[in-house]
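The values are calculated or read from the model by the stated rules, or taken from the named source; none is laboratory data. This structure is a prediction, so every number in the text was calculated from the model and none was measured. We place every Cβ from the backbone using ideal geometry, glycine too, and count neighbours over all the protein chains shown.
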Amino acid sequence: MKKILFLLCYLNLAWANFSADEILKRADEIRNPSESFFMQVEVVSNSDTSLFDVYLQGKDKTLIKTVLPKRDLGRNMLMLEDSMWIYIPNLKREVRVSLNQKLSGQTANGDIARLRWVGDYTPTIESEDRESWMLNLNANRKGLTYDKLKLVIAKKNFWPKSGTYLTVSGKPLKLVQFTEYKEMAGATRPSKLIIEDALKTGDLSTLTIKTMRVESFKESLFNKNSLQ
Amino acid sequence: MKKILLALILIQVNLYAEGIKELGIKTNFYDKSDTYSAIPYLYFAEKITFLPDLALYAAARASLDIPKNERDQVDPREFYLKLSGNHYTVETGLQIFNWGETFGVNILDLVNPRDYHEFIFDDLTWSQIPVWSAKLTLNLGELTFIPIYTIKAEKTVYPTADDYFDFVPESLKSLERIDTQKYKAFKNSEYGFKLNYLFFNNLDLSLIYFNHYNRRANFVVRNGKLYTENSRIQSYGITFSYDYASLIFRGDTVQSQDKIQAIYGVDRNFNDNWVVGMQYHLDKQVDKSWGSFRVKKELERIPLTLAFMDFFGLDNDDFWLRPEVSYNAKNGITYQILADLFRDDNRDGMLQVFNEKNRISVKLNYLF
């Protein structure tokens, strides 16, 4: 009986006619817990290895603390809605920056600070096959990390598989793969993102989520005036 | 003896602390002069967490002044307790505060005076004098209220007559310099606040008020001596930043003694690691204005950063170029070489004291 129910559920999932909005919402839920959470992220690029402690509160507050390399210790980043600041320790001041500014290697600030797509992008289904949907995402406003995205989402489980990040004119900037799915913060999520320069083959950064746990934080943590 | 003891304590703390430790040397070679300076230094910054909500921040710096040896220093830079609540933080102790959004001169850094013994625009954080103070940061949604109280005002430290970048006019250099004003705790306190609001359209706006002693003392000649006189003043400021389509607009405005200083600018980060910015500077205290332009490029394959800054008078002769190269080695060592190049025939600009004072600066630091 259980097998029949499971089969029915599977068939329902496979044949259901999902809207682009629904697919993106489900893919977002795979990438990050809806509550506040903490994660430690390692970014390995050609020239460097960086380690960040990331605190995400609700949908629009992110604090990133640099742990490694040592020379960037204290270089903390805060994102509130679409605004971002970096604390520069040797200047002892927080500096307003844009989301598309380079964080490390091929990784932009927004690649870590902003995990959700719903609300930032309007999705449309470009094409689909038996295995996956291909979504086109257009930024709802200026100033986001990327202007356009193409995403491949698995039909079986809504897992994001790969993506292409593009400029406003549609020129590919970066190629992304979401890999190494494992249990984190109560669900199966991609623990590794491979981000490659679309024009320079082999110029890539690997972003690995080392730990992720649901946790809530004090509001005072997310204040640009207390970034030190 | 006291300096040696403090240096030994600092070295001990450095050996066992786990925060940022930095060993470095700043070397300056001057054009048209045999003068040089070398400042080896040791710096540490440490955070000690007592309770989840209570931490101590401590930082100190020991430096030697070669070849003069007159200003070998062991300075506590920070020593304060930080208590964090859900919607507030309280920081009490020896602190440095930086307000304002623009780059370069930092006209809204009103709380800490500066030590101008070295080049006046060199490493502005290094030259800030920490003050014993209490700061409350109160989060009220998008609004943040930050009152600050400094128990005892500290004075700006000016160059002496034999300093390479002394800015006292040539005709007054020979006079003995006297400062008779003495500040006392509570009697000579300073206070003010910053009120910050982040608007829904990403405009980040702050209003600033600070009641303090003048950071630019008046030099008065009396009985053949040069007296520095500081007066009590009030400063009002507005600072903002605004992000539009990856363009960051910044602005600082401050009014002190009925005169306005302002800096407005815009900068942009490009996808290929170029950063380009420009600023407009206005100072009604001297009735002059300037422009500045800066560009920075981080190379991708090697950890090399190239930067270039140009500061020029719009209604005066000021002209200052600063090319800069820095290399971040994987072992934690940073090598930096930069040059400060000035116009030699500056007649009416603020930088005329730097006529024929070009310099090359080589810096090396090791973070461990």
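Tabulated values for the structure
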read-out: Hits in the range B:70-113 (condition: among the hydroxyl-bearing types (Ser, Thr, Tyr) and within 19 Å of B:Pro147 (Cα to Cα)); value: B:Tyr80, B:Ser84, B:Tyr88, B:Thr89, B:Thr92
read-out: Candidates B:Asp162, B:Asp166, B:Asp115, filtered to the one that is away from every other protein chain (no Cβ under 12 Å), of a type in the set (D, E, K, R), free of Cβ contacts under 8 Å to residues at least 24 places away in the same chain and under 28 Å from B:Leu364 (Cβ atoms); value: B:Asp162
read-out: Condition check for B:Thr49: more than 12 Å from chain A (Cβ to nearest Cβ), part of a strand (DSSP E or B) and in contact (Cβ under 8 Å) with a residue 12 or more places away in the chain; value: no
read-out: Candidates B:Arg216, B:Arg177 - the one that is in contact with a Lys or Arg (Cβ under 9 Å, 6 or more places away or on another chain), in contact (Cβ under 8 Å) with a residue 12 or more places away in the chain and of a type in the set (Lys, Arg); value: B:Arg177
read-out: Sole exception among (1) at pLDDT 85 or above; (2) touching a helix residue (DSSP H, G or I) at 6+ places or on another chain (Cβ under 8 Å) for A:Lys174, by number; value: (2)
read-out: Qualifying residue in the range B:64-82 (condition: part of a strand (DSSP E or B), touching a strand residue (DSSP E or B) at 6+ places or on another chain (Cβ under 9 Å), within 13 Å of chain A (Cβ to nearest Cβ) and without any contact (Cβ under 8 Å) to a residue 40 or more places away in the chain); value: yes
read-out: Answer from B:Leu198, B:Leu205, B:Leu226 - the residue that is within 17 Å of B:Ala262 (Cβ to Cβ) and touching a residue at least 24 places away in the same chain (Cβ under 8 Å); value: B:Leu205
read-out: Count of the range A:17-59 residues which are β-branched (Val, Ile, Thr), in contact (Cβ under 8 Å) with a residue 40 or more places away in the chain and not in a helix (DSSP H, G or I); value: 4
read-out: Boolean, B:Val325 is over 20 Å from the mean Cα position of the chain (by Cα), assigned to a strand (DSSP E or B) and under 30 Å from A:Pro69 (Cα atoms); value: yes
read-out: Of all residues making up the range B:108-141, the number that are over 21 Å from B:Tyr57 (Cα atoms) and modelled with pLDDT of 90 or more; value: 4
read-out: Single residue of B:Ser133, B:Ser206 found to be within 14 Å of chain A (Cβ to nearest Cβ) and out of contact with any helix residue (DSSP H, G or I) (no Cβ under 6 Å at 6 or more places or on another chain); value: B:Ser206
read-out: So A:Trp159, is it in contact with a Ser or Thr (Cβ under 9 Å, 6 or more places away or on another chain) and within 11 Å of another protein chain (Cβ to nearest Cβ); value: no
read-out: Identity of the residue in the range B:174-198, part of a strand (DSSP E or B), more than 24 Å from the chain's Cα centre (by Cα) and farther than 19 Å from B:Val220 by Cα, that ends up farthest from the other protein chains (Cβ to nearest Cβ); value: B:Tyr197
read-out: Count of residues meeting criterion [on the phi > 0 side of the Ramachandran plot and within 12 Å of chain B (Cβ to nearest Cβ)] in the range A:40-85; value: 2
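Yes/no matrix, rows are residues, columns are (1) exposed (fewer than 15 other Cβ atoms within 10 Å of the Cβ); (2) within 14 Å of chain A (Cβ to nearest Cβ); (3) of a type outside the set (Asp, Glu); (4) touching a helix residue (DSSP H, G or I) at 6+ places or on another chain (Cβ under 9 Å):
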site	(1), (2), (3), (4)
B:Arg215	no, no, yes, no
B:Glu229	yes, no, no, no
B:Asp243	no, yes, no, no
B:Asn273	yes, yes, yes, no
B:Lys297	no, yes, yes, no
B:Arg301	yes, yes, yes, no
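Conditions (1) within 21 Å of the chain's Cα centre (by Cα); (2) surrounded by 15 or more Cβ atoms within 10 Å (Cβ to Cβ); (3) touching a residue at least 12 places away in the same chain (Cβ under 8 Å), marked per residue:
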{"position": "B:Ala262", "(1), (2), (3)": "yes, yes, yes"}
{"position": "B:Gly265", "(1), (2), (3)": "yes, yes, yes"}
{"position": "B:Asp283", "(1), (2), (3)": "yes, yes, yes"}
{"position": "B:Thr305", "(1), (2), (3)": "no, yes, yes"}
{"position": "B:Asn316", "(1), (2), (3)": "no, yes, yes"}
{"position": "B:Phe368", "(1), (2), (3)": "no, no, yes"}
